[in-house]
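What follows is one structure encoded as C-alpha cells, with my remarks underneath.
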Amino acid sequence: MNGRADFQEPSAEVPRPITHIGPDYIPTEEERRLFAECNDESFWFRSVPLAATSMLITQGLISKGILSSHPKYGSIPKLIFACIMGYFAGKLSYVKTCQEKFRNLENSPLGEALRLAQARRRSSPPGHYYQKSKYDSNVSGQSSFGTSPAADNIEMLPHYEPIPFSSSVNESAPTGITDHIVQVKVNKYGDTWDE
C-alpha cells in the first residue's frame, strides 16, 4: 500500500460534466440511432416528396412554355436542378423536428447542449444572440482569477456616434466636416507646387 487512503462515499453521485460538443465529439449509441432515424425520415418524408413535386412543377412550366428547354439537352438540366433544390429543401425543413427529438433524448450530451442553447435563447432579450465563448466551461463557473471565462473573452466593439447631417437642401456635406482643396500651380517648365 502507498499509505494513502481514498475517502469517497460509495453512494455519493458525482455530477457528470457536460462535454464540449465540437467536431471531435463522438456521439453515443442512442444519438447515432437518432441520427440515422432523422436521416431516413427527412429523406423519405421530406426530400423525396419535395424533389418529385419540384420536378413535376418544373416539367409543367417547361411544357407550357413558361420556362425554356435547353436546345441540346432538353428539360433535363432544369429537372436535375429542381430535384437537387427539392432534396436540400426537404433536408433543411426537417432540422427543427430532428432537434426536438434530440432535446427530448435523456442522458445525451448533445440533447443537453440543445436544451441549454434553447434556454439561453429564451432568456436573452430580443435581437440578442448568445455566442458561447471557446473558453467557457460548464464544469466550473469561475476561472482561477475569480471572473468568469466568458467575461474574459468579450470583445467590446467601438461605439460610434452618427455624424449629424445638415437638413438644409444646399448643404450636402455632413456638418463639422470641411473639404480642403489643394491648389497646385504648374509653371511653364512642368514644375508643380502646393499653395
- Message: If you roll a 1.4 angstrom probe over the protein chains with everything in place, what fraction of the accessible area of the range 29-121 belongs to carbon and sulfur, to the nearest %?
- Response: 66 percent
- Based on Cβ point charges of +1 for Lys and Arg and -1 for Asp and Glu, what charge dipole magnitude is obtained for the range 29-121 about its Cα centre, in debye rounded to the nearest 20? 540 debye
- Note on the structure: With the dipole of the range 29-121 defined by +1 on each Lys or Arg Cβ and -1 on each Asp or Glu Cβ, the option from ILE66, SER54, PRO109 whose Cα lies farthest towards the positive pole is ILE66
- Message: Keeping every protein chain present and rolling a 1.4 Å probe, give me the accessible area per residue for the range 29-121 in Å².
- Response: 66 Å²
- Message: Explain nothing, just the number: relative contact order of the range 29-121, from Cα pairs under 8 Å at least 6 residues apart, as a whole percent.
- Response: 33 percent
- Task: Quick one: net charge around GLU37, please, counting Lys, Arg +1 and Asp, Glu -1 for every other residue with C-beta under 12 Å from its C-beta.
- Result: -1
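The values are calculated or read from the model by the stated rules, or taken from the named source; none is laboratory data. The model shown is predicted, which means the values in this text are computed figures rather than measured ones. Note: ideal-geometry Cβ built from the backbone for every residue, glycine included; neighbour counts use all protein chains shown. Note: areas computed on protein heavy atoms with side chains; ligands, DNA, RNA excluded. Shrake-Rupley method; radii C 1.70, N 1.55, O 1.52, S 1.80 Å.
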